[in-house]
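Notes to accompany the following structure.
The values are calculated or read from the model by the stated rules, or taken from the named source; none is laboratory data. Remember, it's a predicted structure, so these values are computed and weren't measured experimentally. Every residue, glycine among them, receives a Cβ derived from its backbone with ideal geometry; neighbour counts consider all protein chains shown. To get the accessible areas, we keep the full protein, side chains included, count just its heavy atoms, and leave off ligands, DNA and RNA. Shrake-Rupley method; radii C 1.70, N 1.55, O 1.52, S 1.80 Å.
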Amino acid sequence: MSVRSLAAPKACCPRIMSDTSGEPCLFSDLALARRLERTEARSGAEFVETRAMLFPLRNARWIEVAGAYAMYDGPTSPVTQTFGLGMFDTITSAEMETIEEFYREFDSPVFHEVSPLADISVAALLNERDYHPMEFTSVMFHPIKRGIHLPVPLNERIQVRLIHDDEHELWAQMAARGWGNELADLADSIPELARVVAGRPNGHSFLAELEGQPVATGALCICDGVALLAGASTVPEWRNNGAQLALLDKRLNYAAELGCDLAMICALPGSASQRNAERNGFRIAYTRIKWQLAQKTE
């Protein structure tokens, strides 16, 4: 059994070659998957740490077990799950028992988002322990550099900027208004969730404004040169004005200025979000599966 510290795993560098245009071509291999999975895991851990700081009664916590991050943010929170299972160290029944016991302490369901590049033994172990697949996610990536330009024209009336220190509540309100329909089953917790996203000490939150009027939000989390783009939300009455495209452009260039060489987005397979990302140069690295442990009945 291995419950480890936050030390970064040893991993080879992603393989890079040139395509027919001479531009670098990054392969969807284990090295790339490790970077992407660790970035999302760190984002979740930072969210949980911020939740614990802002709302201590929620008892939010996270642990690392054999390279996988297990986050708890409440039994119904979308953050309550693991990332990186089988990506960095061998997972055995002993490690799985440690993770499951962590969630049993909170009487919480157990979820794992698993990359298809994880060790093949993980799939057998999940089946043996009575897990079932219940969700798919397209994990997409885009190599970036300074001065990146999107192929789709921007709406010049929309300006994007980082929020100020006193605008966390404004960002949270705007995000909650935009997420209301898409996350209807989490309606009661959306405002608090948005405040946590805006309050992350290492996060980067952006507002899009149409002629001075805030209309949309976006966020960024960075880990080891990878920029995870999330927090996309547009107030319903201001949609179809190019706000999210402007936010995408600003965040990619901001991340590149900070030294990132890679951006990632996660979306429902076949969704409008996936199509928009692909339209703007993102490639699908792999489709991740979310597994849930079957609830035992008395």
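Using a Gaussian network model of the chain whose springs link C-alpha atoms within less than 10 Å, name the residue from GLY74, GLY218, GLY147 with the highest mean-square fluctuation.
Maximum among the listed residues: GLY147.
Straight-line reach from LYS145: which aspartates and glutamates fall under 17 Å, measuring Cα to Cα and dropping same-chain residues less than 8 apart?
Once the sequence-local aspartates and glutamates are set aside, what remains near LYS145 is ASP19, GLU23, ASP224, ASP249, GLU257, ASP261.
Would you mind calculating the gained length between ASN155 and ASP224 on full extension (0.36 nm times residue separation, minus the Cα-Cα distance), in nm to one decimal?
Contour length minus Cα-Cα distance gives 21.7 nm.
Ordered by packing density, taken as the mean number of other Cβ atoms within 10 Å over each peptide's residues, highest first, how do 119-127, 243-251 rank?
243-251, 119-127
Angle between the Cα long axis of helix 243-257 and the longest principal axis of the chain, 0 to 90 degrees, nearest 10?
70
Using a 1.4 Å probe on the protein heavy atoms, what percent of the accessible area of the range 155-298 belongs to carbon and sulfur?
48
Starting from the residue with the highest accessible area, list THR76, THR217 in decreasing order, probe 1.4 Å.
Descending accessible area places them as THR76, THR217.
Report ³J(HN,Hα) in whole Hz for each residue of the range 134-143, in order, from the Karplus equation J = 6.51 cos²θ - 1.76 cosθ + 1.60 where θ = phi - 60°; Gly and Pro get x.
9, 6, 10, 9, 7, 9, 10, 9, 8, x
Where does each of LYS296, LYS290, LYS145 land when they are ordered by accessible area, with a 1.4 Å probe and the largest first?
LYS296, LYS145, LYS290
Take THR76, project a point 7 Å from its Cα along the Cβ direction, then tell me which residues of the range 102-145 have their backbone nitrogen under 19 Å from it.
Answer for this model: 106-111.
Need one number: the % of Cα-Cα pairs in the chain sitting beyond the 35 Å mark.
For the chain, the share of Cα pairs beyond 35 Å comes to 18 percent.
Taking the Cβ of GLU37 as the center, what net charge do the other residues with Cβ under 12 Å away carry, scoring Lys and Arg +1 and Asp and Glu -1?
Result for the local shell: +2.
Springs between alpha-carbon atoms under 10 Å, Gaussian network over the chain: tell me which of ALA230, ALA31, ALA272 tops the mean-square fluctuations.
ALA272
Along the positive direction of the dipole of the chain (beta-carbon charges: Lys, Arg +1; Asp, Glu -1; about the Cα centre), which of PRO78, ASN253, HIS149 reaches farthest?
Most positive-ward Cα: HIS149.
If we count every other residue with Cβ under 12 angstrom of TYR103's Cβ, Lys/Arg +1 and Asp/Glu -1, where does the sum land?
Net charge around TYR103: -4.
Work through the residues other than LEU252 whose Cβ is under 11 Å from its Cβ and net out their charges, Lys, Arg +1 and Asp, Glu -1.
It works out to a net charge of +2.
Quick one: accessible area per residue over the range 137-260, 1.4 Å probe, rounded to a whole number of Å²?
46
In debye, nearest 20: dipole of the range 214-272 around its Cα centre with unit charges on the Cβ of K, R (+) and D, E (-)?
Roughly 180 debye, rounded to the nearest 20.
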